[in-house]
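Worksheet: the structure to be examined is printed underneath.
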Amino acid sequence: MENTIIIRGGRRLSGEVEISSCKNSAVAILPAVCMASEIVKLYDVPEIEDTKVLVRLLEKLNIDVIVNKDVFTIDATSIQNVDLLNDDVRKLRASYYFMGALLGRFRYVKMYSPGGCNLGPRPIDLHLKGFEALGAKIEQVDDTITISAEELKGTDIYLDFASVGATINIMLAACFASGKTTIENAAKEPEIIDLSSMLNKMGAQIRGAGTSKITIYGVSRLKGCIHDIIPDRIETGTYIIAAAAMGDNVKVTNVIPQHIEALLSKLEEMGVKLEIGVDYVRVLSAENLKAVDVITQPFPGFATDLQQPLTALLTSAQGDSSIEETIYMERFKHCDELNKMGANTEWTTGRSKIHGGTKLHGAKITATDLRCGASLIIAALMADGETEISNAHHIYRGYENITQKLRNLGADVQ
Ligand code: EPU
């Protein structure tokens, strides 16, 4: 795979782009399949690097995965709970979902700490505290974590922060705990609803996913199911922002608009004209854009994953915009890269300022993380001249077929 994306900017975008299925659902659903005693068939699995790595990890566990385009048929009946001590574990954050899934099914898991985008500190203390509350013992030696339990017992867990990962991991382990578990101050992201609806089809008893209180009644076995993964709200937002930056009437399809309401209302506040359909968003026009202030929040607030792409668009708005980042305080490396293209941004822990009205020019820049990459792609589409984005592997982790999708809209991308 080429690790550099080259974009000649300034071309207008038009036509339609179809959104793929959700990365952050898929990366929770694939490890969850470990818990099934029958075959699970998943439709619409995004073809991205993260799902490829997870398939390799499933195969390490002796799980049979048949991939037919975006349909995965997964048979975990001969699963072997081997230690996950290989580099693939460190390639993505979501490998930590094997903790909840394997602890639930086998009462034991040994694996490396997860990797993922470098967004500053990303502790997993809430996951581990949750497992302990269910009765597990944690041992950590250097980079290796062992979690084991004689038995898992349902209990009441309050999360100090509504963490997506901790909510999912506790939910997974609690499916096989005896009795009732409640998670208070649970995260409400759509990906959690997607996962719980798959688990419930498999026979789990999860109530309240999508609210701040989730109740899980333990079961002893999970069966197979067929499941379709929801569309990716962050990919949706990325293309909508790209269309606001350079589009002439671009239609973004396979969208659940309710998942991106915070972004849509921010764009409208900036002056972007949108047509919001049942399952699409059309970006009608975006002229004389105004600066805005954004605060990132857990869902349904403005997604941290979208502040980076939005920053690229804000460089063209009139006036000074500000972004307050409440989830990942250091998630601003895209600002340094955008400045190399002529943007005028500054950032400090938890906050960035974008002095708008600048014209971007092509440059050699680096995708330091996945959504930084998305931000740089949008900037490169807006810029005069040629931009070379290195470390594109970060982008391929989360955006299916991005170069082809942009070319179909008329961008000059290689
Ligand atoms: N946190 C803790 N302790 C924990 C867990 C989280 O302090 O045990 C803190 C984190 O440091 C962070 C905050 O809580 O400050 C939120 O973290 P959360 O656990 O909600 O995030 P995550 O599960 O690690 C998922 C997505 C991210 C997305 C965030 C926030 C996956 C695989 N990742 O991460 O997606 O930014 O939720 O919505 O689902 C991306 O797709 O580019 C991406 C980074």
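Give me the residue from the range 218-234 that is within 19 Å of Pro190 (Cα to Cα) and hydrophobic (A, V, I, L, M, F, W, C) and, out of that set, most open to solvent (accessible area, probe 1.4 Å). Lay out the reasoning, then the answer.
So in the range 218-234, the residues within 19 Å of Pro190 (Cα to Cα) come out as 226-234.
With hydrophobic (A, V, I, L, M, F, W, C) added as a condition, the list becomes 226, 229-230, 234.
On the way: Ile226: 104, Ile229: 11, Ile230: 30, Ile234: 7 Å².
The extreme case among them is Ile226.
Comparison of Asp293, Asp305 shows that the only residue that is crowded, with 23+ Cβ neighbours inside 10 Å and at pLDDT 95 or above is Asp305. Looking at the range 240-255, is at least one residue open to solvent by 10 Å² or more (accessible area, probe 1.4 Å), within 16 Å of the ligand (Cβ to nearest atom) and charged (D, E, K, R)? There is no residue in the range 240-255 that is open to solvent by 10 Å² or more (accessible area, probe 1.4 Å), within 16 Å of the ligand (Cβ to nearest atom) and charged (D, E, K, R). Put simply, of Glu59, Glu49 the only residue that is of a type outside the set (Phe, Trp, Tyr), closer than 24 Å to Ile168 by Cα, open to solvent by 10 Å² or more (accessible area, probe 1.4 Å) and free of Cβ contacts under 8 Å to residues at least 12 places away in the same chain is Glu59. Return a yes/no flag: does the range 163-172 have any residue that is touching a helix residue (DSSP H, G or I) at 6+ places or on another chain (Cβ under 9 Å), within 12 Å of the ligand (Cβ to nearest atom) and hydroxyl-bearing (Ser, Thr, Tyr). Yes, the range 163-172 contains a residue that is touching a helix residue (DSSP H, G or I) at 6+ places or on another chain (Cβ under 9 Å), within 12 Å of the ligand (Cβ to nearest atom) and hydroxyl-bearing (Ser, Thr, Tyr).
As a summary of the residue check, Ala166 satisfies the conditions (1) touching a residue at least 40 places away in the same chain (Cβ under 8 Å); (2) more than 24 Å from Glu49 (Cα to Cα); (3) crowded, with 23+ Cβ neighbours inside 10 Å except for the one numbered (2). Restricting the range 186-224 to residues that are within 13 Å of the ligand (Cβ to nearest atom) and charged (D, E, K, R) leaves a set whose member that is farthest from Val45 (Cα to Cα) is Lys188.
Pull up the range 321-346, narrow it to residues that are of a type in the set (Gly, Ala, Ser) and buried (at least 22 other Cβ atoms within 10 Å of the Cβ), then point me to the one that is farthest from Val292 (Cα to Cα). Explain how you work it out, then say what you get.
As a first pass, look at the range 321-346 and keep what is of a type in the set (Gly, Ala, Ser): 321-322, 342-343.
Still in the list and also buried (at least 22 other Cβ atoms within 10 Å of the Cβ): 321, 343.
Numbers: Ser321: 5, Ala343: 16 Å.
Selected residue: Ala343.
Where residues in the range 75-115 are within 13 Å of the ligand (Cβ to nearest atom) and open to solvent by 30 Å² or more (accessible area, probe 1.4 Å), which of them is farthest from His393 (Cα to Cα)? If we take residues in the range 75-115 being within 13 Å of the ligand (Cβ to nearest atom) and open to solvent by 30 Å² or more (accessible area, probe 1.4 Å), then Arg93 is farthest from His393 (Cα to Cα). Residues in the range 121-129 include none that are touching a strand residue (DSSP E or B) at 6+ places or on another chain (Cβ under 6 Å), open to solvent by less than 70 Å² (accessible area, probe 1.4 Å) and away from the ligand (no atom under 12 Å from the Cβ). What is the residue count in the range 151-172 for residues that are more than 21 Å from the chain's Cα centre (by Cα) and of a type outside the set (Asp, Glu)? So the count comes out to 6. The number of residues in the range 30-46 being touching a Ser or Thr at 6+ places or on another chain (Cβ under 9 Å) and either open to solvent by less than 50 Å² (accessible area, probe 1.4 Å) or within 16 Å of the ligand (Cβ to nearest atom) (or both) comes to 8. Does Gly154 satisfy being within 16 Å of the ligand (Cβ to nearest atom) and open to solvent by 20 Å² or more (accessible area, probe 1.4 Å)? Against the criterion (within 16 Å of the ligand (Cβ to nearest atom) and open to solvent by 20 Å² or more (accessible area, probe 1.4 Å)), Gly154 does not qualify. Annotation note: Cβ proximity below 6 Å between a residue of the range 183-206 that is among the β-branched types (Val, Ile, Thr) and a residue that is surrounded by fewer than 23 Cβ atoms within 10 Å (Cβ to Cβ) and outside any loop (DSSP other than H, G, I, E, B) (sequence gap 6+ or interchain) occurs for Ile206/Asn200.
The values are calculated or read from the model by the stated rules, or taken from the named source; none is laboratory data. If you're wondering where the values come from, they're calculated on a predicted model, not measured in any experiment. Glycine gets a Cβ as well: all are built from the backbone with ideal geometry, and neighbour counts include every protein chain shown. The area values use the complete protein model at the heavy-atom level, side chains included, leaving out ligands, DNA and RNA. Shrake-Rupley method; radii C 1.70, N 1.55, O 1.52, S 1.80 Å.
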